[in-house]
Amino acid sequence: MDDELLEDLYYYMLLGRYFEYGAKENYLQGNISGFLHLDIGQEALSVGAMKAFEGDVFTTYREHVMAIARGISIKSVMAELFGKIDGVSKGRGGSMHMFSPELNFYGGDAIVGGHIPNAVGCAYARKYQGIDTGTLVVFGDGATNCGAFFESINIASVNKLPILFLCENNKYAIGTHISKVSSFEKQAQKAKIYMPTMEVDGMDVVAVYETVTQAQGYIKEGNGPIFVEAMTCRFEGHSISDSNQYRSSQEMELCKAQDPIEKLKAHINKDVAKSLEQKVINEIEMAVKFAKESEEPDIKDLKKYMYTQEGLKHVI
Amino acid sequence: MDDELLEDLYYYMLLGRYFEYGAKENYLQGNISGFLHLDIGQEALSVGAMKAFEGDVFTTYREHVMAIARGISIKSVMAELFGKIDGVSKGRGGSMHMFSPELNFYGGDAIVGGHIPNAVGCAYARKYQGIDTGTLVVFGDGATNCGAFFESINIASVNKLPILFLCENNKYAIGTHISKVSSFEKQAQKAKIYMPTMEVDGMDVVAVYETVTQAQGYIKEGNGPIFVEAMTCRFEGHSISDSNQYRSSQEMELCKAQDPIEKLKAHINKDVAKSLEQKVINEIEMAVKFAKESEEPDIKDLKKYMYTQEGLKHVI
Amino acid sequence: MLYREALNLAIDEEMKEDKDIILLGEDVAGVGGTFRVTEGLLAKYGDKRVLDTPIAELSIVGNGIGMAIGGLRPIVELMTANFSLLAFDQIINHMSKLPYMSASKIKLPMVLRMPQGVSKQLGAQHSENYENMLSSVPGLFVFAVSSPAYAYFALKKSIQMDDPVLFIEHELLYNKKEDFSLNEDIDPFKARLVKEGTDITIISYLKMLDDTLSVIDEIEKELKCSCELIDLCSLNPVDYASLEKSIKKTSRVVIVEEGHRMGSYGAQIISWAVEKLFYSLDAAPLRLCGENVPIAYNRKLELASIPTPDTIKRDIIFWGRQSGL
Amino acid sequence: MLYREALNLAIDEEMKEDKDIILLGEDVAGVGGTFRVTEGLLAKYGDKRVLDTPIAELSIVGNGIGMAIGGLRPIVELMTANFSLLAFDQIINHMSKLPYMSASKIKLPMVLRMPQGVSKQLGAQHSENYENMLSSVPGLFVFAVSSPAYAYFALKKSIQMDDPVLFIEHELLYNKKEDFSLNEDIDPFKARLVKEGTDITIISYLKMLDDTLSVIDEIEKELKCSCELIDLCSLNPVDYASLEKSIKKTSRVVIVEEGHRMGSYGAQIISWAVEKLFYSLDAAPLRLCGENVPIAYNRKLELASIPTPDTIKRDIIFWGRQSGL
Ligand SMILES: Cc1ncc(C[n+]2csc(CCOP(=O)(O)OP(=O)(O)O)c2C)c(N)n1
Ligand SMILES: Cc1ncc(C[n+]2csc(CCOP(=O)(O)OP(=O)(O)O)c2C)c(N)n1
Ligand SMILES: [Mg+2]
Ligand SMILES: [Mg+2]
């Protein structure tokens, strides 16, 4: 992998990390409210996958870093967290609902597993349209126990759809350990009968990047679906209101020892790393400033985005 | 297998077959209405499983023969089809909804896959209560594509529940062939990662009986869930209103050549077979007569069975 | 043309025009639909555009949403509304909310069709009406048409719209026959004035509309009055303007529907009417609904659970007498 | 005692009495419940009776039903009502219908608990109210209590009943505090008379009850009238007798609820009231609801989507003036 790419991955992981720090800080100051699912610790997966994959992306509520790595401006992501009009969803969506069809980024979904059937449908559309880049759907280990997931791997398999199922296995669904809800730790097992599966160290951005690239190659050749499982570890509670008491300090230490940013840093020129860090800090500062200064939505526009322009005409 | 058991299996298959003939005839005469999913051709599975399995049973809308083999009187099953007060569900349930808690027979469900989570819950109850006979849940090949099924095999597996998943694979979900909706013909594949699986010729009642007995043995030893797939073939359309045009006459011929009743007949004493047939014909005649003469429910009892006696008191 | 033929024609014409339209559902391809609505379309448009799905309602709707996100224009069929319950998460949390949550960045040009209602002895799990629930969801357009002409025009409109539309049919209407010209100018968002009258406004939709119409003469004769009968057609949004005009004229309002009384769709209509038009009303409104009970298999119990022409007549006449008519 | 503590105590006391009572839901064991309702119960009753489930709402409810069929008495928790949509098939096609379809052979002594409502900026998929849908299902008892005392007594009653019960909570009520004696004699099927009055009957439930109460003095002062405030508690069945008594006394009725206006729960109450008591009413009924729009993340938009103390006061006063008060 060339230095430029390594630096790009490093930059985006750092940007993601500091973005989350900024979000957390502003949450505690009361500028942000509601749910806040921080991606701290899991940046390798978010950045590696977004940078490697060309096609459509569907993901979960823990999406800030993916949105940013996909190319959505940190200003509009931060402004969304502030609920402002310049937010990527104009303040309507919030932390869990960010979309950018121009970048083939389709959210952000707050229903565990709920976006998976949507991704499968989109993959069908792509196949129908003869677009070979396919669709990437990201979900957690917990989501692999719900009906929507199972139905989806079956449907993708029988229709040979161009879709990459990417399971972010951090071993927890909020406070419930995977061992309580699944007979095996590796969830790729569930997909084995339907499609090829791969496993990757989700704390290693280079590995993620390469595995996703390889998986996309498989899709582009028209082979149908593929499943990648990335073992990861989140550094924070499930959401900002989760006190994380179900994990021992020992477990947390082991977890943090795998910091993907630290891991990559070893391969980055020191000066470059330093200047990137400064750049990121400045950018986040600007983003927060931007979000603060952005306007609140106008109450008279409460219903504005419910329907298309034409649809609105029919609503009294 | 001793003669007595063979004769019993033969008798119940015959009783089931003639019951369905009687139901069909009375449907065409207008005495029965609504859905009628005939089990003709699939009696080996229905009878073999019911006779072999001791514990709780949950099944689908195609349930007459199972209900009868379980021990529910043909009179009350027939009267239910007639919608009469002496029907097993007092005319409230109909063809798809027959229950007998005394016989551990819990329906009869018209939602494909809908009963599977209920069976899993019941299996939990049995494990909790220390009852080792476990729970049997019967469903079609089509049901193995729905979320409820997938969630259930996962949950049964992680909790090591005493449950036998019995898939009646007749290769069709109404008019849709299994190849259109699943990547493989044998649906046991889907369960392999969660539990041991067995396959049996569903057109051979002795094989079904023995396999289910063996599977129940596995459950009784506290091993957790097990999956049995029975390959079967229905002789009629999906329901009485299905014209069955999606199957060629050649396919139907091959199908009917496997008639489970003919197959077993070869092992039954001719005179016994003959007298059993006469017995069955008489019984069905009596059941139809009984059903005809039974009263219609009283309209003033419309809401009578919605709640328990105590519950009813709270409803105005 | 039969109701089901009108639906088939609407789909056929639209599919011919636009290759982005995809049809999916259980048995819609090979079998041509349980109620024969999609008959012949597989042969015409091939198996890339007419898809038999697994029995997985959550995914059927969820895949349809994804296809729309991906730029197609899916028409999704659920075999009956009873199974739509399995897809409520996709219908409500996704189909109805994605456009709004994305500030209109996501468009969902899709139609979700499903028949509902008490047919004949199909039992409690196959006889429900869910328009009360489905019409209460902001973000969805909901049609429920009772005539072949409206079936044709409303379904075409639904397919052409870029917003998500629920299209509710009734199982007993598929063989209803009506002649109409394909060149009529029908706006399915407008309630249909089935019969003009001056003394009672009767509102209905789907099959109950026909049942009411079948006894309206007798009601008028008995009460010596004239009834105005309105077919809602669009359940959300409601053409309140037409209702208001009629109720102001007649000063009396009745709604007839098949669903259970508790929380019925009509409760919304009656509640709106009295909030808005209380001082124009001369009598207590009347709401004829199904009973609060699961639908039994037995035919007598089944019929006792819903309005029938006889009970509609009886109940409106009884009420009319009490209401000064 | 806090509302959530009252719920916890009710469960705890019942579990102590009856070892057939099983608790299941996402994060109810190890974490003690997202809203801390089941805190401490795992330690007391062990992991055979307090179960953390996978994220599979359809199965959570479906398994609960099966446990009840098997002779246990499950208390099932859904993390929020928003996810109940995934279980609607089990709730409606199974939980509500099995007793009837089996002619009472199957008993379902189970409680399904779930919180709902607009909390604070949780976004469109986490802010809904579904009591309008869930109360319209025949066969289910539905409680929605707004006070710690009622939380305690109604939940105990729900657990003790042999019929299936839905128990709806509001996310913003869990920390509500109230002192009460465990020996009170409260029938949760009876509506709670929160405040007596003579001129307006105001009906509400869950959080809107509190919001209304908080401005009732100001309304009375402004309109120079006296308001009667009723907390429904049981949404199905409804204590119509109490409502009738109050409305006959006051001749005016208002309902305040959080859900979207279209097809709201209150539409049923208003519709019932005018069908039954039209000639006792002196004024058009008033229904204060949420707007017909998904709930936006932004706080201003969110608050503009539902009634708040300010708008409740403003709207009732405006209506009161128009209604001859
Ligand atoms: C259908 C549904 N059920 C429950 C929830 C509440 N919930 C939000 S995230 C979560 C855990 C998800 O775990 P996992 O899929 O492993 O994702 P992770 O957050 O660990 O990446 C739960 C239970 C939800 N949002 N949707
Ligand atoms: C959830 C649901 N979807 C659709 C239907 C309609 N339906 C009834 S039976 C059936 C086919 C079931 O096929 P399979 O599971 O193979 O059972 P078989 O009848 O072949 O034994 C379908 C689609 C239903 N009853 N429930
Ligand atoms: Mg996880
Ligand atoms: Mg089959």
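FYI, it's all coordinate maths here, none of it is from the lab. Being a predicted model, the structure only gives us computed values, none of them experimental. Because the Cβ atoms are built from the backbone with ideal geometry, glycine has one as well, and the counts that use them run over all protein chains shown.
For segment A:110-138, taking the residues that are at the interface with chain C (Cβ under 7 Å from one of its Cβ atoms) and among the aliphatic types (A, V, I, L, M), the one that is farthest from ligand 3 (Cβ to nearest atom) is identified as A:125.
Among the residues of segment A:82-93, is there at least one that is out of contact with any Lys or Arg (no Cβ under 8 Å at 6 or more places or on another chain), facing another protein chain (nearest Cβ under 7 Å) and under 23 Å from residue C:63 (Cβ atoms)? Scanning segment A:82-93, I find at least one residue that is out of contact with any Lys or Arg (no Cβ under 8 Å at 6 or more places or on another chain), facing another protein chain (nearest Cβ under 7 Å) and under 23 Å from residue C:63 (Cβ atoms), so the answer is yes. Of all the criteria given as (1) buried (at least 23 other Cβ atoms within 10 Å of the Cβ); (2) under 24 Å from residue A:109 (Cα atoms); (3) at the interface with chain A (Cβ under 8 Å from one of its Cβ atoms), the one not satisfied by residue C:71 is (1).
Sub-6 Å Cβ pairs linking a first residue in segment B:146-171 that is within 16 Å of ligand 3 (Cβ to nearest atom) to a second residue that is not β-branched (Val, Ile, Thr), at least 6 apart or interchain, are B:154/A:145; B:158/A:182; B:158/A:183, ordered by first then second residue.
Yes/no per residue for (1) basic (Lys, Arg); (2) under 19 Å from residue A:237 (Cβ atoms):
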{"position": "A:22", "(1), (2)": "no, yes"}
{"position": "A:66", "(1), (2)": "no, no"}
{"position": "A:72", "(1), (2)": "no, no"}
{"position": "A:81", "(1), (2)": "no, yes"}
{"position": "A:92", "(1), (2)": "yes, no"}
{"position": "A:98", "(1), (2)": "no, no"}
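Does residue C:142 fit the bill of being more than 16 Å from ligand 4 (Cβ to nearest atom) and in contact with a strand residue (DSSP E or B) (Cβ under 6 Å, 6 or more places away or on another chain)? Answer is yes for this residue.
When you scan segment C:157-170, do you find a residue that is part of a helix (DSSP H, G or I) and under 14 Å from the mean Cα position of the chain (by Cα), even just one? Checked segment C:157-170: at least one residue is part of a helix (DSSP H, G or I) and under 14 Å from the mean Cα position of the chain (by Cα). Identify, please: which residue in segment B:284-316 is surrounded by 19 or more Cβ atoms within 10 Å (Cβ to Cβ) and touching a residue at least 40 places away in the same chain (Cβ under 8 Å) and is, among those, farthest from the other protein chains (Cβ to nearest Cβ)? Among residues in segment B:284-316 that are surrounded by 19 or more Cβ atoms within 10 Å (Cβ to Cβ) and touching a residue at least 40 places away in the same chain (Cβ under 8 Å), the one farthest from the other protein chains (Cβ to nearest Cβ) is B:284. For segment D:119-127, the criterion of being hydrophobic (A, V, I, L, M, F, W, C), more than 9 Å from every other protein chain (Cβ to nearest Cβ) and touching a Lys or Arg at 6+ places or on another chain (Cβ under 9 Å) is met by no residue. Within segment B:139-187, if we keep just the residues that are surrounded by fewer than 23 Cβ atoms within 10 Å (Cβ to Cβ), within 14 Å of ligand 4 (Cβ to nearest atom) and part of a helix (DSSP H, G or I), the residue that is farthest from the other protein chains (Cβ to nearest Cβ) turns out to be B:179.
Kindly provide the set of residues from segment A:188-197 that are out of contact with any Pro (no Cβ under 9 Å at 6 or more places or on another chain), outside any loop (DSSP other than H, G, I, E, B) and among the hydrophobic types (A, V, I, L, M, F, W, C), ordered by number. Quick ask: steps written out before the conclusion?
Step one: of segment A:188-197, the residues out of contact with any Pro (no Cβ under 9 Å at 6 or more places or on another chain) are A:188-190, A:192-193, A:197.
From what is left, the residues that are outside any loop (DSSP other than H, G, I, E, B) are A:188-190, A:197.
Of everything in segment A:188-197, just one residue is out of contact with any Pro (no Cβ under 9 Å at 6 or more places or on another chain), outside any loop (DSSP other than H, G, I, E, B) and among the hydrophobic types (A, V, I, L, M, F, W, C), namely A:188.
Of all residues in segment C:187-212, which are among the hydrophobic types (A, V, I, L, M, F, W, C) and away from chain A (no Cβ under 14 Å)?
To start, the set of residues in segment C:187-212 that are among the hydrophobic types (A, V, I, L, M, F, W, C) comprises C:189, C:191, C:193-194, C:200, C:202-203, C:206, C:208-209.
Those that are among the hydrophobic types (A, V, I, L, M, F, W, C) and away from chain A (no Cβ under 14 Å): C:193, C:194, C:200, C:202, C:203, C:206, C:208, C:209.
Restricted to segment B:121-138, and to residues there that are without any contact (Cβ under 8 Å) to a residue 12 or more places away in the chain and part of a helix (DSSP H, G or I), the residue that is surrounded by the fewest Cβ atoms within 10 Å (Cβ to Cβ) is B:129.
Annotation note: of B:208, B:200, B:212, the sole residue that is within 17 Å of the chain's Cα centre (by Cα), outside any loop (DSSP other than H, G, I, E, B) and free of Cβ contacts under 8 Å to residues at least 40 places away in the same chain is B:200.
The residue that is farthest from residue D:126 (Cα to Cα), counting only those in segment A:77-103 that are in contact with a Gly (Cβ under 6 Å, 6 or more places away or on another chain) and part of a helix (DSSP H, G or I), is A:103.
Could you list, in sequence order, the residues of segment D:49-68 that are farther than 24 Å from residue C:95 by Cα, at the interface with another protein chain (Cβ under 7 Å from one of its Cβ atoms) and among the small types (Gly, Ala, Ser)? Answer for segment D:49-68, where residues must be farther than 24 Å from residue C:95 by Cα, at the interface with another protein chain (Cβ under 7 Å from one of its Cβ atoms) and among the small types (Gly, Ala, Ser): D:62, D:64, D:66.
Do the conditions hold for residue D:43, that is, is it without any contact (Cβ under 8 Å) to a residue 40 or more places away in the chain, farther than 30 Å from residue C:133 by Cα and surrounded by fewer than 21 Cβ atoms within 10 Å (Cβ to Cβ)? Talk me through it step by step, then tell me what you get.
On the way: without any contact (Cβ under 8 Å) to a residue 40 or more places away in the chain: yes; farther than 30 Å from residue C:133 by Cα: yes; surrounded by fewer than 21 Cβ atoms within 10 Å (Cβ to Cβ): yes.
When the stated conditions are applied, residue D:43 passes them.
Kindly provide the set of residues from segment C:281-318 that are among the aliphatic types (A, V, I, L, M) and within 7 Å of chain B (Cβ to nearest Cβ), ordered by number. It would help to see each step written out before you state the result.
The first filter runs over segment C:281-318 and keeps only residues among the aliphatic types (A, V, I, L, M), leaving C:281, C:283-284, C:286, C:288, C:293, C:295-296, C:301, C:303-304, C:306, C:312, C:316-317.
Those that are among the aliphatic types (A, V, I, L, M) and within 7 Å of chain B (Cβ to nearest Cβ): C:293, C:296, C:301, C:304.
Looking at residue A:306, is it outside any helix (DSSP H, G or I) and over 23 Å from the mean Cα position of the chain (by Cα)?
Details: outside any helix (DSSP H, G or I): yes; over 23 Å from the mean Cα position of the chain (by Cα): yes.
Yes, satisfied.
Answer yes or no: is there a residue in segment D:237-244 that is in contact with a Phe, Trp or Tyr (Cβ under 8 Å, 6 or more places away or on another chain), in a loop (DSSP other than H, G, I, E, B) and on the phi > 0 side of the Ramachandran plot. The answer is no, given that none of the residues of segment D:237-244 is in contact with a Phe, Trp or Tyr (Cβ under 8 Å, 6 or more places away or on another chain), in a loop (DSSP other than H, G, I, E, B) and on the phi > 0 side of the Ramachandran plot.
Here C:167, C:83 are screened, and the one residue that is more than 16 Å from ligand 4 (Cβ to nearest atom), farther than 30 Å from residue A:131 by Cα, in contact with a helix residue (DSSP H, G or I) (Cβ under 9 Å, 6 or more places away or on another chain) and free of Cβ contacts under 8 Å to residues at least 40 places away in the same chain is C:83. Candidates in segment B:1-40 are the residues that are in a loop (DSSP other than H, G, I, E, B) and hydrophobic (A, V, I, L, M, F, W, C); of these, the one that is nearest to residue B:267 (Cα to Cα) is B:1.
Residue count for segment A:46-63 under the criterion of being buried (at least 24 other Cβ atoms within 10 Å of the Cβ) and either within 14 Å of chain D (Cβ to nearest Cβ) or part of a loop (DSSP other than H, G, I, E, B) (or both): the result is 6.
Yes or no: residue C:19 out of contact with any strand residue (DSSP E or B) (no Cβ under 9 Å at 6 or more places or on another chain) and in a loop (DSSP other than H, G, I, E, B)? So residue C:19 passes the test.
Taking helices (runs of 4 or more DSSP H) that do not extend beyond segment B:235-300, which have at least 3 residues that are under 30 Å from residue B:178 (Cβ atoms)?
Working: elements: B:249-256, B:260-265, B:270-293.
Per the criteria, B:249-256, B:260-265.
Within segment D:26-40, the set of residues being on the phi > 0 side of the Ramachandran plot and free of Cβ contacts under 8 Å to residues at least 60 places away in the same chain comprises D:27, D:32, D:33, D:40.
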